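The values are calculated or read from the model by the stated rules, or taken from the named source; none is laboratory data. It should be emphasised that the depicted structure is a prediction, and the values quoted were computed from it without experimental measurement. Backbone-built Cβ (ideal geometry, glycine too); neighbour counts: all protein chains shown.
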Amino acid sequence: MSLKKLFNLIAFMMVFTVFFMNNVQAKSSDESKKGNEQDTIILSKKDSDVKKYEADKLLFMTSNDDDNITLLFSDSPETVEKDGILYQDTVKGDARLLYYHVNGTEQDKKVAVVIKNMSDKPNKITITREAVGGPSADYLYVGKVTMQRYFGQQQTREINLPPYGKTLLRLEDGERIIQNEALVYGIFDFNAQEDLQVTVVFAPANVDLYDFAKSAKVLPRDQHMLRGTFEGADRYVTNRVPYNPEQGGKAYFYLGDNKTDLYKYGLDKTDFVQTQNFGNYGVNYKIHLNLEGNGKTSYYLKPIGGVYAGAMTVQIGKDGEKRLINTPENIPFYGHEEKTNYYSYLGTYDNTDDVYFEYTPPGASNLPVQIIMIPKK
């Protein structure tokens, strides 16, 4: 997902960053953390303290995708200049929809998701997780707040459609007005008991969305081709062999580098052209580190692809309480200064703890990121 029209925001943050550059580190607001670790560490690459947070040992990871979850991805055209259908496909079972679109016209518009029961049986749709950000021209803000909502507290809801019935996946979108250059970003995890047609539309503000979805044409992709249907929307990641940080020392692994963590291929179901999800947007990573030894290990996220703003969670044990971690904390975004290293502190845990991280690439941010593991002395 590319960044557009962020120059004014970047200029403001360059001034903001100067305030932090003299080894300023945002203090932790989480009193449950042990020691004096900081949430966000900002250091000049020439600073001698950088070596405390860097690792030179690449931890080899293995991943398995849950092919029972289908991802519908709508991000092309990202900046939309004509009315029409942005993406459309029919799914059954567990699915995730992600849309990410900017109003590139001078007129007020609507982006909405029309769902239609394609079965002659009643169709129950259960939405288990959802998050919507925007409309706003502050794209990094939209990306970060959507991640915060997606990983925050959720309430399951149901939609019951009669045979061949239709409605909006989110009724509020029927009233939402999107102005010029504003971004809207939505993620929905749901289950459909029967075949369900999902149509993402970009429409004039004053039209009937159901009639529009019935007659509108599919818009062509832009040059980035970021749309399609992808099997395996959840990715389970762990290290290939158990690792003892006390013996092996500092280590790291990548998320979203397309070398050790490959981008998914799918199919654009509007014209059956193969497509690739550059960034694995909409893929939910379930990360579990298999560690040995009796010591403690600190974890950090480091953005290395450019400007970045997101959130993720951590929990101890599969049934443990999830804790939301903003990346970064206390500042809107980071990663925009080439001569600066940025680190988000993800916590310090016993090597015997069953630690699980949940992560998905945030819209408007750049990849890859590193997860760095530092043994505590």
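Looking across region 141-171, the residues that are free of Cβ contacts under 8 Å to residues at least 40 places away in the same chain and either touching an Asp or Glu at 6+ places or on another chain (Cβ under 9 Å) or within 30 Å of Thr313 (Cα to Cα) (or both) come down to Val145, Arg149, Gln153, Gln154, Gln155, Thr156, Arg157, Glu158, Leu171.
Looking at the structure I just gave you, is Gly317 in contact with a helix residue (DSSP H, G or I) (Cβ under 9 Å, 6 or more places away or on another chain), more than 17 Å from Lys144 (Cα to Cα) and in contact (Cβ under 8 Å) with a residue 12 or more places away in the chain? So Gly317 fails the test.
Close Cβ contacts (under 9 Å, 6 or more residues apart or on different chains) running from residues in region 185-196 that are surrounded by fewer than 17 Cβ atoms within 10 Å (Cβ to Cβ) to residues that are assigned to a strand (DSSP E or B) and not basic (Lys, Arg) comprise Asp195/Thr90; Asp195/Val91; Asp195/Asn117; Asp195/Asn123. Within region 264-273, not a single residue is of a type outside the set (Lys, Arg), outside the structural domain of Gln148 (by TED's automatic domain parsing), over 27 Å from Ser74 (Cβ atoms) and not in a loop (DSSP other than H, G, I, E, B).
Restricting attention to region 210-246, the residues that are surrounded by 15 or more Cβ atoms within 10 Å (Cβ to Cβ), basic (Lys, Arg) and more than 21 Å from Asp67 (Cβ to Cβ) total 1.
Scoring Ser344 on the criteria (1) of a type in the set (Gly, Ala, Ser); (2) surrounded by fewer than 20 Cβ atoms within 10 Å (Cβ to Cβ); (3) part of a strand (DSSP E or B) leaves a single failure, condition (2). Conditions first: (1) touching a residue at least 24 places away in the same chain (Cβ under 8 Å); (2) not in a strand (DSSP E or B). Ile371 passes all but one, so which condition is the exception? Answer for Ile371: the failing condition is (2). Screening Gly305 against (1) outside any strand (DSSP E or B); (2) touching a Pro at 6+ places or on another chain (Cβ under 6 Å); (3) buried (at least 19 other Cβ atoms within 10 Å of the Cβ); (4) of a type outside the set (Asp, Glu) leaves a single unmet condition, (3).
Taken over region 107-118, residues that are surrounded by fewer than 23 Cβ atoms within 10 Å (Cβ to Cβ), among the polar types (S, T, N, Q) and in a strand (DSSP E or B) amount to 0. Among the conditions (1) in contact with a Phe, Trp or Tyr (Cβ under 6 Å, 6 or more places away or on another chain); (2) surrounded by fewer than 17 Cβ atoms within 10 Å (Cβ to Cβ), Thr146 misses just one, which is (2).
The single condition among (1) surrounded by fewer than 22 Cβ atoms within 10 Å (Cβ to Cβ); (2) hydroxyl-bearing (Ser, Thr, Tyr); (3) assigned to a loop (DSSP other than H, G, I, E, B) that Ser298 does not meet is (3).
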